[in-house]
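This report concerns only the one structure given below.
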Amino acid sequence: MRVNFGVILTGLGLLAGTIPALAHHSFAAEYDANKPMKITGTVTKMEWMNPHARFYVDVKDTDGKVTNWNFELGAIPVLLKQGWRKDSLKQGDQVTVEGSLAKDGSKSANARSVTLPDGRRVFAGSSGGNGPANQ
């Protein structure tokens, strides 16, 4: 009886580990790799959480109108390997972001690379590409 109970617990544990994967979305479902974008603006917020970190940037157009953009980054372990830290982006930082626009036309994109305030250009851990657009 103990062996069967152990096997059942192991099976349930393995099954539970797949649940987060079911909730994950694909890059192609939300973003269009054929619609690259590049903008510069001011960071308003950083969300360092799983499954993807996000940050928000105020971008001023030529008429002076400010629009807030939402950028998705990769998973935190991937970002850490790319040189990111939880405090890499702070409110008020000026950044340049390259990525792929959302398919729904919203002011959101999947970031491919980010030029940080200190001038370093870091890969954003995107699942939609192999690194910055110019590589």
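Any read-out appearing in this document is the output of simple, stated calculations on the displayed coordinates, not a laboratory observation. Please read these numbers as outputs of a predicted model, since none were measured by experiment.
For this structure, a couple of remarks:
- From phi via Karplus (6.51, -1.76, 1.60), per-residue ³J(HN,Hα) for the range 87-99 in Hz, x at Gly/Pro: 9, 4, 10, 10, 3, x, 5, 8, 9, 10, 10, 10, x
- Unsatisfied cross-links (Cα-Cα over 19 Å) in the set LYS65/LYS107; LYS45/LYS107; LYS65/LYS90: LYS65/LYS90
- Rel. contact order, % - alpha carbon contacts under 8 angstrom, at least six apart, the range 40-135: 25 percent
- Whether the range 26-123 is rounded, prolate or oblate, judged on the alpha carbon gyration tensor where a/c under 1.5 counts as rounded: oblate
- For LYS103, the residues whose amide H sits under 5 Å from its own are TYR31, ASP32, ignoring neighbours fewer than 5 places away on the same chain, with H placed 1.01 Å from N.
- For the range 53-67, 3J(HN,Hα) per residue [Karplus equation, 6.51 cos²θ - 1.76 cosθ + 1.60, θ = phi - 60°, Hz, x = Gly/Pro]: 6, 9, 9, 10, 9, 7, 10, 9, 7, 5, 8, x, 6, 9, 10
- Couplings for the range 74-86, taken from phi via the Karplus curve 6.51 cos²θ - 1.76 cosθ + 1.60 with θ = phi - 60°, read x, 6, 4, x, 5, 4, 4, 5, 8, x, 6, 9, 4 Hz in order; Gly and Pro are left as x.
- Of all DSSP-defined beta bridges confined to the range 26-123, some 90% are antiparallel rather than parallel.
- Extended-chain gain in nm, criterion 0.36 nm per residue less alpha-carbon gap, THR67 and LYS45: 6.6 nm
- Straight-distance candidates among the aspartates and glutamates for linking to LYS38, with alpha-carbon spacing under 15 Å and chain neighbours fewer than 8 residues away dropped: ASP58, ASP61, GLU72, GLU98.
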